[in-house]
Structures are given as C-alpha cells and as structure tokens.
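Take a look at the following structure, please.
Values in this text are rule-based calculations from the coordinates and carry no lab data. Not measured: the values here are computed from a predicted model. Here the Cβ is made from the backbone with ideal geometry for all residues, glycine too, and neighbour counts use every protein chain on show.
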Amino acid sequence: TTETQDRETTDGFHLVIDALKLNDIDTIFALPGIPITDFLRIAQADGMKVISFRHEQHAGNAAAAAGFITGKPGICFTVSAPGFLNGLTALANATTNCFPMILISGSSEREVVDLQQGDYEEMDQLAIAKPLCKAAFRVLHAEDIGVGIARAIRAAVSGRPGGVYLDLPAKVFAQSVAKDVAERSLIKVVDPAPKQIPAPEAIQRAVDLLKGAKKPLIILGKGAAYAQADAEIRSFIEKTGIPYLPMSMAKGLLPDNHPQAASAARSYVLAEADVVMLVGARLNWLLSHGKGKTWGAGDSKGWGKQQFIQIDISPTEADSNVAVAAPLVGDIGSAIGALNQAIGSGLGKVPAEWTGAIAERKDKNLTKMAETLAKNPPVMNFHSALNVVRETVKANPKAYLVNEGANALDFTRSIVDMYEPRRRLDVGTWGIMGIGMGFAVAAAAVTGEQVIAVEGDSAFGFSGMEVETICRYNLPICIVVMNNNGIYKGTDVNPRGDAMAVTQFVKNARYDMMMEAFGGVGVTAKNPEELDKALKEAIASRKPTLINALIDESAGTESGRITSLNPAAAKKKT
Ligand code: ADP
C-alpha cells in the first residue's frame, strides 16, 4: 500500500492506525509537524478522516467534543513540547468535563530528554501530562502500540470518562515489526465502558427518599446527557412527574418546553426543594456547592433543608460538598433502569402544591421573558438578537448549538431552548473561553449536522483563526459573533486616556471579513431581520458563514452572571 510497508514487516505508523481502526476510531483531530506529519499523511491515505487545525488547543477541544457527542474517545495528535502543551489545555479541560479524549503527542528521544541534553522541542511530556489528566502512558517499542492504545481507550471511557495522554517518541513510528508479531500485538478492546450496576439497597434508599418527598426535584447534568440513556431518563421523569432542571449541557435531553421543566423557576425550585436527585451533575460551583442562599439557607455559608440523592459513576463524588443521603453509584443507564423497575408505574403523585407553585412562577417568568423578547429596540441587543437564534433552533432542532462568552453565554443559555439531547456544547465545568471553533468543527465533522455557534466577540477571538479550517473542510457552521466592541461591553474608558480601556476592542470590527478571507460567507447584521435572513441563508446553503451581529455596545454586564467572582466585587461585599 504505502512505501513504508513491505511484505514481511510493518511499522509504528501503521500499527497506530491499525490499532485505532480496530477499535472503530475513524477520525483524528490534529496539527501536523515533526514528528507526526508523515503519520497523519499515512493515516489519511489509509482512509482515516484527518481534520487538521491551525492551533493544537482547538484540535484538542474538537477531540473532547467528539468524545462527548459519540461516547468514543476523541483523538488528538500534536507535535512535541509547545504543541503538546497547547493540546494539554484541551486535555485538562476534557478531564474536568468528564469527556473521553486521548491526546497523542510525538516526543523527543528519551535518552536525550532524560539527561536533559537539549533536544529539538525537548520536554518530559509524560511527567507534565500526568497530574492534568486521568491517565498517562508511554510506548517505547512499536510492538507495544496495541497495548498502549487499548489502555488509553479503557482509561478514557470506563468509569468517569476523562482525558488520557499517550506519549509516542518519534522513533517508535519508524520502528519496523514483523507482521505476525504486529498482528498479535493489536488489541480490540472488549466492553471498554462496562456497565456498573448499582446495588439494590442503594436503589431502595433512593426510592424511599423520593417517596417521602413533598418537594422533589431532579437535576440533570452533562453526565446524564453523555450517558445516552435518553429514553430511560425521560421515562423516569414522566412516570414520577417530578419537576427537573437541566444543567446547561443537559438542555434538550428532554425538550426545554417539556411541562415538567423547571428552568424558568430555577431559583425558586433550588431554594425550596426538599429531596434533590442529581443525575450526572456535580454539586460544584455551578450549583453553589449545594448550600448557601441558592439552596434556601439563611446565609451564604449555611445549609439548606435538602436531602440529596446522587447518581454518579464515580464512587468518590458523593459528599464532596454536602452530605449525600442516598448515593447511587453506577452508570446512569443502569441506575435509572433499576429505578424505573423499582417504581413500576410510578411513585404516587407529586404534591400539587409543589407543582402548582412551580407552574405559577414559570408562567410569570415566561410571560416576562416573552415580553422582553418581543421588544425590538432601535439598536439590537442580546435579547432581540437571541430571539432570532431561539426561533432558528426551534425550526432546526437537530442543529448543534455551540456557545461561549460571558453575556453571550448566559443570555443564550436562558433564551434559546434546546429540543434534542447533546446538541448544546458550551464552556463546561471551568466556564472557559476558547472552546468555540474546536467544538463547532467536531460537531459538524462527526455528525454532518448544521452547527450554529453563538460567540461573544471576546470568546470568538480565542479560536477565530479556525475559520480557515471551517472553510477548508467546507463545514456547515454558522458563527454568530455578538459584537458589542469589547469584553463584557465596549463602553469602558481608560481614565488616563492614552490607550483604549483593557476590555475594549477595535470598534465596529468586521469579523465577517475574516470568514470571507477564506472563501466563506460573511454578513453584517444590524437588526433582527438581517440576522434572521443571514441565518436562514446559512442553513439553507450549509456554507461556512460568519454573521457579525452588531449589538448595543452598552449591553452586557461585567462577567455576565458571575460578577461576584471578581475579587473587587467580592471585596465590596465584605
Ligand atoms: P454539569 O456540569 O452538567 O452539572 P458535571 O460535569 O458536574 O455536570 O457532572 C457530570 C457527572 O456525571 C460527573 O460526576 C461524572 O462522574 C458523571 N458521569 C459521567 N458519565 C456517567 C455515566 N455514564 N454514568 C454515571 N455518571 C456519569
């Protein structure tokens, strides 16, 4: 087939490809360079889909998103030292988000690295990766590639999913191995993410708590979305009639307009619930650590009255922040399946006082939101722009929605309803920026579906160069840049007047021209009508499109909804 192969022997290049293919992995996200350029060429020639990026962090983020969407580890290849470090940011983020991903980096010669003799891009990559991911391995002999890939796959997808680093020193690629040895060395991983069946007494404990609840609540996290147990989860929620809240990446697991969705009464249900069942959601900062005013406690450090049930595959997650009365350790599919069995046709009715009170608040808030969305102020703002996105997603429920920014994130999350599972990809557990174009490319490349990326103008800057990648692969991605001329907003002033303020960007920047530079479609939208027209055209044509949505530069608040995390704001409060 290729010149590196002859009749009796194969080599490291082909062993890596064969090991991946044997495990049904057909896509690689990468950035070519020494020592992986030839590997990527051979992989492409051998029929793998290779998507090459302009910066490793975005290739890594793409691998992570592919992992979340498919449940198979997303694969990212980088060069050594700096390329590896760029990819490592994405690997650490994937691990934090519990997304399965494998970062494979070429590395320098061990002998030179270990004596610190100054090799080209010298770095002890394995040691550096280890504390930042779930597991890290190195292969030193080509005949160990099969084991290395098998271990990486198992580590990435079993138990709590996460990021795995695999170190491949350059010389391993070129090593030749006798074909019979090579064949035997490859491993097809059997049952890579084994079911974990929860104990019957743990199920009973949870059912008993739910039975006694007057104000039960279910919280669905991105672990629930990842688990691909959509039908079981929906059945449990509908049979019990318990109101539920989706965390941002669990939106769409059940359609956001589901009658039991309590998102529009979020603060009420969190403060009032008595029994809360967490399904693949951690009680971290995104849920105020399970205590304080959010949970109805009198002061910010106090405890609420809730008793928690927590379904999680990780046995050490329970009690991480507050006591968990009924930990339910197992995979979500098995756990919810067992709960469905245990409750039969249901649990008895959820008290009408509780569901009625929620419905009342929901109605009030939804009416208020509808009024705000119906306004069409002379200068477009987040609401009038996102109202258009909201209708677009409603009409295209299979589309993926990538979302990052501060205000662009907060407003989109609450305004744009999702209707299908795993369609919303966002800033995740860290709440970071920079995932936008990597996640968008992954969703389009892996599923072929339309992607809409709603980006703050600041957030877009982190991965904006990947518009070239989007155009190169002609991906059906429509980016909407919410352009308000700055970070948070564009109206800050530098009191000294000798330079622009630290949060300001070039005014009226033409992000649309970035897309045009590479042959895509660029549009400026000054009002909802123009935005709507551009979105419709992008979706009909499936052409790479960037809509520069000009919004009021005074729209937005400092850090969006997490203003209080700024040290100066925190200082003011004390
Ligand atoms: P969110 O940010 O949406 O609240 P988190 O990322 O905090 O969600 O929580 C996801 C949780 O889901 C993690 O604790 C992880 O261990 C768990 N998890 C992931 N996959 C599964 C699975 N298949 N079965 C059970 N738990 C899972």
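Could you go through the stretch 98-109 in sequence order and give the Karplus-derived ³J(HN,Hα) for each residue, using 6.51 cos²θ - 1.76 cosθ + 1.60 with θ = phi - 60°, rounded to whole Hz, and x for Gly and Pro?
Karplus values, whole Hz, x for Gly and Pro: 6, 9, x, 7, 10, 9, 10, 10, x, 9, 7, 5.
OK, next. Under a 5 Å amide H to amide H cut-off, with H placed in plane at 1.01 Å, what residues pair with Ile219 once short-range neighbours are removed?
Sorted by chain and number, the residues that satisfy this are Leu245, Met277, Leu278, Val279.
In sequence order, what are the phi-derived ³J(HN,Hα) couplings for the stretch 258-275 according to the Karplus relation 6.51 cos²θ - 1.76 cosθ + 1.60 with θ = phi - 60°, rounded to whole Hz, with x for glycine and proline?
4, x, 8, 5, 10, 3, 6, 10, 3, 5, 5, 5, 5, 6, 9, 4, 9, 10
So for each of 43-52, 225-234, 545-554 I average, over its residues, the number of other beta carbons within 10 Å; can you give me the resulting order with the highest mean first? Before the final figure, lay out the partial values.
On the way: 43-52: 16.4, 225-234: 20.9, 545-554: 24.6.
Order by mean packing, descending: 545-554, 225-234, 43-52.
Which entries in Lys251/Lys291; Lys21/Lys188; Lys214/Lys364; Lys49/Lys394 show an alpha-carbon gap greater than 20 Å? Working shown, then result.
Numbers: Lys251/Lys291 23 Å; Lys21/Lys188 9 Å; Lys214/Lys364 23 Å; Lys49/Lys394 31 Å.
Flagged as over cut-off: Lys251/Lys291; Lys214/Lys364; Lys49/Lys394.
From the cross-link list Lys293/Lys489; Lys222/Lys305; Lys375/Lys526, which pairs have alpha carbons spaced over 18 Å apart?
Numbers: Lys293/Lys489 29 Å; Lys222/Lys305 25 Å; Lys375/Lys526 15 Å.
Violating the 18 Å limit, Cα to Cα: Lys293/Lys489; Lys222/Lys305.
Next question, about the same structure. Would you mind checking which residues have amide H under 5 Å from Thr524's amide H? H placed 1.01 Å from N; only 5 or more apart, or other chain.
Amide H neighbours of Thr524: Asn548.
Let me know the charge dipole size of the chain about its Cα centre in debye, to the nearest 20, where only the beta-carbon of Lys, Arg (+1) and Asp, Glu (-1) is charged.
On the way: 59 positive and 62 negative charges, 440 e Å.
The calculated dipole for the chain is roughly 2120 debye.
Moving on to the next point. Roughly how big is the stretch 177-289's charge dipole about its Cα centre, with Cβ charges of +1 (Lys, Arg) and -1 (Asp, Glu), in debye to the nearest 20? List each step's numbers first, then the result.
Details: 14 positive and 11 negative charges, 24 e Å.
It works out to roughly 120 debye.
Residues of the stretch 161-189 with backbone nitrogen within less than 20 Å of a virtual label 7 Å along the Cα-to-Cβ line of Leu22, please, listed as ranges.
Only 165-169, 172-189 fall inside the zone, counting backbone N under 20 Å.
Right, here's the next one. With each label point set 7 Å from Cα along the Cα-Cβ vector, what nm distance links Gln228 and Glu111?
4.5
Considering the dipole of the chain built from charges on the beta carbon (Lys and Arg +1, Asp and Glu -1) around the Cα centre, which of Gln196, Ala261, Ala156 is farthest to its positive end?
Going by the charge dipole, the pick is Ala261.
So, R0 is 60 Å and r is the distance between the beta-carbons of Asp319 and Val506; what FRET efficiency does that work out to, to 0.05?
0.75
Name the long-range amide H neighbours of Met380: under 5 Å, sequence gap of 5 or more, or other chain; modelled H, no Pro or chain starts.
Asp552
According to a simple spin-label model (label point 7 Å from Cα along Cα-to-Cβ), what is the distance in nm between Met513 and Lys49?
3.4
Which of the aspartates and glutamates could be linked to Lys195 by a straight reach, that is with a Cα gap under 14 Å, when you skip same-chain ones fewer than 8 residues away?
Candidates past the 8-residue exclusion: Asp312, Asp331.
How do 436-447, 492-503, 323-334 rank on mean C-beta neighbours within 10 Å, highest first? Mind dumping the intermediate values first?
Details: 436-447: 27.4, 492-503: 10.7, 323-334: 20.4.
Highest-to-lowest ranking by the protection proxy: 436-447, 323-334, 492-503.
Compare the Cα positions of Asn396, Gly438, Ala406 along the charge dipole of the stretch 302-439 (+1 at Cβ of Lys, Arg; -1 at Cβ of Asp, Glu; about the Cα centre) and return the one farthest towards the positive end.
Going by the Cα projections, it comes out as Asn396.
Any chance you could check the Cα centroid distance between the stretch 25-61 and the stretch 261-332 for me, in angstrom?
41
So which trypsin sites (Lys or Arg not before Pro) in the stretch 291-358 end up in coil per DSSP with only 15 or fewer other C-beta atoms within 10 Å?
Lys301, Lys305, Lys349
Which net charge results when you count Lys and Arg as +1 and Asp and Glu as -1 among the other residues whose beta-carbon is under 11 Å from that of Ser107? Write out the running numbers ahead of the final one.
Details: positive: Arg110, Arg138, Lys171; negative: Glu109, Asp119, Glu121, Glu122, Asp124, Asp167.
Around Ser107, the charge tally is -3.
Between Leu283, Ala174, Ser235, whose Cα lies farthest towards the positive end of the dipole of the stretch 146-299 when Lys and Arg beta carbons carry +1 and Asp and Glu beta carbons carry -1, centred on the Cα centre?
Ala174
Over what distance in Å are the Cα centres of the stretch 542-574 and the stretch 420-497 separated?
14
Using helices alone, what [θ] at 222 nm do you get for the chain, with -39,500 (n - 2.57) per DSSP H run of 4 or more residues, divided over all residues and rounded to the nearest 500?
On the way: 23 runs with 233 residues, N = 574.
Helix-only estimate at 222 nm: -12000 deg cm²/dmol.
Relative to the Cα centre, what is the charge dipole magnitude of the stretch 384-491, using +1 at the beta carbon of each Lys and Arg, -1 at the beta carbon of each Asp and Glu, and rounding to the nearest 20 debye? Mind showing how you got there, number by number?
Numbers: 9 positive and 11 negative charges, 41 e Å.
The calculated dipole for the stretch 384-491 is roughly 200 debye.
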